[in-house]
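The values are calculated or read from the model by the stated rules, or taken from the named source; none is laboratory data. Computed from a prediction, not measured in an experiment: that's the story for all the values here. Here the Cβ is made from the backbone with ideal geometry for all residues, glycine too, and neighbour counts use every protein chain on show.
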Amino acid sequence: MDFENNWLLSLMIFLPLAGAAAVMAIPKAKEEVIKAIALLTSLITALLGAFMLISFDYGKSADLQFAVDKDWIGVINSRYILGIDGMSLPLIALTVFIVPLCIVYTFGHFPEPKNPKAILSLILILETGMIGTFVAQDLILFFVFFEVVLLPMFFMIAVWGGDDRRYASLKFFLYTMFGSALMLVSFLALYFLADGTIVGDEAQTFSMVALSEGATLGISRTAQLWIFAGMFVGFGVKVPMFPFHTWLPDAHTQAPTVGSVILAAVLLKLGTYGFIRIAIPMLPEAAAAWAPFIGLLAVIGIIYGALGCLAQRDMKRLIAFSSVAHMGFVMLGIATLTDFGINAAIFGMVAHGLITGMLFFLAGSMKDRYHTLDMGRLGGLLVSAPRMGWILGFCAMASLGLPGLAGFWGEFPAILASYNPAAILSETTFRAYMVVAALGTVLAAGYLLWMLQKTAMGTPKEEFKDNPEISDVKSYEWISWAPILALILFFGLYPRPIFTTTDDAVVKSLTVNVQGQEVDNCLEFEGEEQGKLCFANIRDLLEGAGQ
Amino acid sequence: MLDLLSSLLGFFATTAEFNRPPIDWHAVAPELCLLGGGAIVTLVDVIWREKGRAITSALAGLFLLAPLIPILTLAIDSEDRSMFNGAYVIDKYSLIVKAIFLLSGYVVILLSTNYIAEGEYWENEYYGMVLSSILGMIIMASARDLITIFVALELLSIPAYMLATWRKKDLKSNEAGLKYYLMGVFASAIMLYGMSLIFGASGSTLLQEINASISTEETSTSVITLGIIFVTIGFGFKVSAFPFHTWAPDTYEGAPTPVTAFLAVASKAAGFVALMNIVIVGFFGRADIFQPLIWILAALSMTAGNVMALRQTNIVRLMAYSGIAQAGFMLAPLAVAGESLEIADKSVSAVVTYLAIYAAMNLGAFAIILSVSRTTKTAEIDSYHGLFKTSPSLAVIMTIFLASLAGIPPLGGWFAKFSVFTSLTSADTNWGYGLAVIAAINAVIAFGYYGRIAMKMWVEEPHETHSTQMKVPVSLTTALVITVSMTLAFGVVPGIVTHFTDVSLIALGG
């Protein structure tokens, strides 16, 4: 029995769930035991994650590793397929890294109404869902994990959230559920229309590998466009892309600090991950047709998010809107359909997860001290809590894309990639997007510096002067923040590890291939007409082979 | 006059020579078990009076589980059996459906035990009625003949009318029963009229023969159309599909809660089973008529049920409207069932899967409703405020059921909805995709009200009047354990359900 290949991923998925069950089984009174078990579970999961990072074969990062393939739902040939490649590795690492830090953070700041037992078990269930989504290699399994995340987050916002939590939590839930319902219909259409025999699977299959390696290429163009549209709504709501983003500011503002952090750091990535793992590799033709539109929404998101930031008084809401803008850069990178752009997008996801997660930690800690995040009343953080002020400054710089910090490597290459999109796409359109996106970075500098000026600079206002509550960074805050800050700096100075890990897998995901046959990579054909012809040729070829 | 006399004589002469058609005793063993059980339950009260009453509930539960033994042996035998020229069929489909009826009946008995014992109700007759109603259901599962279907329907309905009025001193319960009775009889009349039209056009009461004769060009389309519409509408009442749902909210609210659970799950399932038998076996050749009809019923039921459920303040009424929406989901696969034999099988499997999962989660939700209203004495949704603080385990379990009803993975309900989507998209027609999209949107709307209840339990502060942990009697706890473990198991390993529900209705018609 080979431990890594059979058990590692399953253990990583279900260990947090077992931890959650254990936490629920322990009586409320034994709070210390509950905390210890929750932290221990997440730490062991993180250790398994570290083990995964070490034993991952970076030379073959395009291939699925630690793969498991077991029967699950026989009648529809949906299987329990797990596996990771270079695209999912950084995101899983991010997940198992951020969760223990969140748990440590809650120890110092149990949001009202306390109940550590409930909130810790919800965090652990969330972890199961998040890891599972990144690891699943079967569409239905993916869907199940994608949805598992919803309820814990819903309750986290609804129970531990701010004053408007009822509205925000329901809005969050209904938006994402609407998207995923349409996404499921798309998955099913793919299941019935694709022909798995092309790649040696059963005719009808949910296996992501089979579907992204040619099984779908026989589907008619119209059907592909519709299926892509369904997925677009599903993933786009989660990202969130303009105009589906309206749930995000509400959810972020109302969620408790750890909820916001997990939401920003990992949950939003489920959507972008869906695009690069499912929508684009499986439906390259439809992706090419939709890409200009996705790019347009992405740049609208960048500008709209930035303008939204400038209109906020609430610091947390500002950070939430900045998420919309940052995810716009990620989506722009994806929309170029080039390996360069998608590598940048994955880097952007990790960087945004670290930086925005950190900003939400800071906002949460400031709220605990000031009991308000109204930027009209804040000010002088550098005077009253200098270390915290500097951390805020550091994160704001990272967020606006200062070279040398992680944020830079997400945004700059994404902009650069849109100068030179995939050959099949219109160059002029994407160059126009590039200009707008570049404008967005200026606005980003504007709103982040403005936020910094309002909160950190100046002298403390009369009401907060000499307030003993406004203390500097506490020890548990250091424990949960220091690793994130270190990584922001590390990846800013040395981005190579992530880029080299993702590159092969990204290139593979963008290669239009039919297993065992030489076909043209249609995404590299000059102009839309040529591309269309190329895809039509593949369809004919497959039909000919089928007869 | 003489003619008449001679024909009468002739009639008697033939009856004298009446030969009992061969009966496969093994095949009807489940029905006989239940019949005997019902008789014993009734006799226990007559013979032992008070002493007997104490054990009737346990006895009734036992007699509901007993027929599972012959069902199991029949399943192991795995031979399709057909009696009375194909009017009564035992196959995998009918066996799994019978098992669903019996198990949900058993859970209903668990739900009733304390409720009936603590109120001033007749205990014994109650269980007798439940057993005979379930007898009607398991007969329905095998019925492939218009007359058998009608008899089974009445056998399951008439006890249900009486059960709905069981709290005889309560005006609302009387209203519930009366409404249910009048609507039910009205529906039966319409259905019977439709059946007579179909019999007139096809010349047979056997579904198999009806299908053969109405599929040809020769039969009058208008008569067949009218017949199919009337029969479908008749069952539309039974399964509370919009716009024939009007009895459901009032009946659900007024009837004793365990009876409501019985109506919402077992009785509704029986309606679907009858509908499937008739539509798939009897009308399969006339997909052009029944498909659009069911499409409209399904789309309307989902949407109207959901929209009306959003406005409810009473949880039982909410469950009634949500049940209407769920009925729409269960109807949906039948709207594409006529495309081909293969898709018909898929649709039937999807509906049976849905019925099994729906039974588990809905009965579970009613078990919680009963547990809570034992303490609060009300069914208002406001009484769930702060349940998470006072009785966390009840709140968590109710959340599981609500999330499952809303179709959120990894709880059973998601796979039920998923099966519906699968069968709709497998048809690969615009109508199928259209209904799938409508269903997807409705799945989202549904969370609006299920989520609201969950929110009340978790977010709000508890009322001062009942701020202590609620006590749950043993029988309700048992029911909760059964339903919650099934809801979870069905969702995580859907193979458990599909192993049994991968059935076919056409092949057996034989």
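Against the conditions (1) part of a helix (DSSP H, G or I); (2) under 25 Å from B:VAL497 (Cβ atoms); (3) at the interface with another protein chain (Cβ under 10 Å from one of its Cβ atoms); (4) out of contact with any Ser or Thr (no Cβ under 8 Å at 6 or more places or on another chain), B:LYS456 satisfies every one except (2). Of everything in the range B:433-453 that is within 8 Å of chain A (Cβ to nearest Cβ) and more than 26 Å from the chain's Cα centre (by Cα), the residue that is farthest from A:PHE154 (Cα to Cα) is B:TYR433. For the range B:379-390, indicate whether the set of residues that are under 24 Å from the mean Cα position of the chain (by Cα) and small (Gly, Ala, Ser) is non-empty. Yes, because at least one residue in the range B:379-390 is under 24 Å from the mean Cα position of the chain (by Cα) and small (Gly, Ala, Ser). What do you reckon, is A:PHE134 over 25 Å from A:GLN254 (Cα atoms), out of contact with any Phe, Trp or Tyr (no Cβ under 6 Å at 6 or more places or on another chain) and at pLDDT 90 or above? It is true that A:PHE134 is over 25 Å from A:GLN254 (Cα atoms), out of contact with any Phe, Trp or Tyr (no Cβ under 6 Å at 6 or more places or on another chain) and at pLDDT 90 or above. Criterion first (surrounded by 24 or more Cβ atoms within 10 Å (Cβ to Cβ) and in a helix (DSSP H, G or I)) does A:GLY308 satisfy it? Considered against the rule, which asks whether it is surrounded by 24 or more Cβ atoms within 10 Å (Cβ to Cβ) and in a helix (DSSP H, G or I), A:GLY308 comes out as no.
Evaluate the range A:206-213: report whether one residue or more is surrounded by 21 or more Cβ atoms within 10 Å (Cβ to Cβ), over 19 Å from the mean Cα position of the chain (by Cα) and without any contact (Cβ under 8 Å) to a residue 60 or more places away in the chain. Yes, some residue in the range A:206-213 is surrounded by 21 or more Cβ atoms within 10 Å (Cβ to Cβ), over 19 Å from the mean Cα position of the chain (by Cα) and without any contact (Cβ under 8 Å) to a residue 60 or more places away in the chain.
Let's see how each residue does on (1) crowded, with 24+ Cβ neighbours inside 10 Å; (2) more than 24 Å from B:SER215 (Cα to Cα); (3) in contact (Cβ under 8 Å) with a residue 12 or more places away in the chain:
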residue: B:PHE283; (1), (2), (3): yes, no, yes
residue: B:TRP295; (1), (2), (3): no, no, yes
residue: B:SER301; (1), (2), (3): yes, yes, yes
residue: B:LEU310; (1), (2), (3): no, yes, yes
residue: B:MET319; (1), (2), (3): yes, yes, yes
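Let me confirm something: among A:LEU337, A:LEU332, A:LEU318, A:LEU296, which residue is not hydroxyl-bearing (Ser, Thr, Tyr) and not in a helix (DSSP H, G or I)? Exactly one of A:LEU337, A:LEU332, A:LEU318, A:LEU296 is not hydroxyl-bearing (Ser, Thr, Tyr) and not in a helix (DSSP H, G or I), namely A:LEU337.
For every residue, the table says whether it meets (1) touching a Lys or Arg at 6+ places or on another chain (Cβ under 9 Å); (2) part of a loop (DSSP other than H, G, I, E, B); (3) not acidic (Asp, Glu).
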| site | (1), (2), (3) |
| --- | --- |
| A:VAL442 | no, no, yes |
| A:GLY458 | no, yes, yes |
| A:ASN467 | yes, yes, yes |
| A:ILE484 | no, no, yes |
| A:ALA505 | no, no, yes |
| A:THR511 | no, yes, yes |
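Selection within the range A:110-157: residues that are more than 23 Å from A:LYS171 (Cβ to Cβ) and among the charged types (D, E, K, R). The member of this set that is farthest from the other protein chains (Cβ to nearest Cβ) is A:GLU127. Checking the conditions here, which among A:VAL104, A:VAL99 is away from chain B (no Cβ under 11 Å), among the β-branched types (Val, Ile, Thr) and surrounded by fewer than 24 Cβ atoms within 10 Å (Cβ to Cβ)? Matching residue, one of A:VAL104, A:VAL99: A:VAL104. Residues that are over 19 Å from the mean Cα position of the chain (by Cα) and β-branched (Val, Ile, Thr) number at least 3 in the following helices (runs of 4 or more DSSP H) confined to the range B:233-313: B:287-309. Is it the case that A:ASP163 is of a type in the set (D, E, K, R) and away from chain B (no Cβ under 13 Å)? No: the conditions fail for A:ASP163. I'd like the full set of residues that are more than 10 Å from chain A (Cβ to nearest Cβ) and either surrounded by fewer than 24 Cβ atoms within 10 Å (Cβ to Cβ) or in contact with a Leu (Cβ under 7 Å, 6 or more places away or on another chain) (or both), limited to the range B:413-422. Answer for the range B:413-422, where residues must be more than 10 Å from chain A (Cβ to nearest Cβ) and either surrounded by fewer than 24 Cβ atoms within 10 Å (Cβ to Cβ) or in contact with a Leu (Cβ under 7 Å, 6 or more places away or on another chain) (or both): just B:GLY413. Scanning the range A:180-190 for residues that are more than 19 Å from the chain's Cα centre (by Cα) and more than 7 Å from chain B (Cβ to nearest Cβ), we see that the one that is farthest from A:GLY230 (Cα to Cα) is A:LEU190.
Within the range A:170-179, the residues that satisfy the criterion of being more than 7 Å from every other protein chain (Cβ to nearest Cβ), within 20 Å of B:ARG452 (Cβ to Cβ) and not β-branched (Val, Ile, Thr) are A:LYS171, A:PHE172, A:TYR175. Restricting B:THR425, B:THR429 to residues that are farther than 17 Å from B:ALA309 by Cα and either more than 8 Å from chain A (Cβ to nearest Cβ) or touching a residue at least 12 places away in the same chain (Cβ under 8 Å) (or both) narrows the list to B:THR429. Taking the range B:234-246 as the range and being surrounded by 20 or more Cβ atoms within 10 Å (Cβ to Cβ) and out of contact with any Lys or Arg (no Cβ under 8 Å at 6 or more places or on another chain) as the test, the residues that pass are B:GLY234, B:PHE235, B:GLY236, B:PHE237, B:ALA241, B:PHE242, B:PHE244, B:HIS245.
Listed by position, the helices (runs of 4 or more DSSP H) inside the range B:146-230 whose residues that are modelled with pLDDT under 90 and buried (at least 17 other Cβ atoms within 10 Å of the Cβ) number at least 1 are B:171-202, B:207-214.
Annotation for the range B:85-102: at least one member residue is at pLDDT 90 or above and farther than 18 Å from B:VAL503 by Cα. Pairing each residue of the range B:389-411 that is facing another protein chain (nearest Cβ under 10 Å) with any residue that is crowded, with 24+ Cβ neighbours inside 10 Å and in a loop (DSSP other than H, G, I, E, B), provided the two are 6+ apart or on different chains, yields C-beta distances under 7 Å for B:ILE400/B:LEU411; B:ALA403/B:LEU411. Elements of the type helices (runs of 4 or more DSSP H) sitting completely within the range A:1-81 and holding at least 2 residues that are within 14 Å of chain B (Cβ to nearest Cβ): these cover A:8-25. Annotation note: Cβ proximity below 9 Å between a residue of the range B:453-467 that is among the polar types (S, T, N, Q) and modelled with pLDDT under 85 and a residue that is part of a loop (DSSP other than H, G, I, E, B) and crowded, with 18+ Cβ neighbours inside 10 Å (sequence gap 6+ or interchain) occurs for B:SER467/B:GLY386.
Residue by residue, here is whether (1) touching a residue at least 12 places away in the same chain (Cβ under 8 Å); (2) closer than 30 Å to A:THR511 by Cα; (3) hydroxyl-bearing (Ser, Thr, Tyr) holds:
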position	(1), (2), (3)
A:PRO386	yes, no, no
A:LEU392	yes, no, no
A:VAL436	yes, yes, no
A:LYS474	yes, no, no
A:TYR494	no, yes, yes
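Of all residues in the range A:330-340, those being over 16 Å from the mean Cα position of the chain (by Cα) and farther than 13 Å from A:TRP290 by Cβ number 3.
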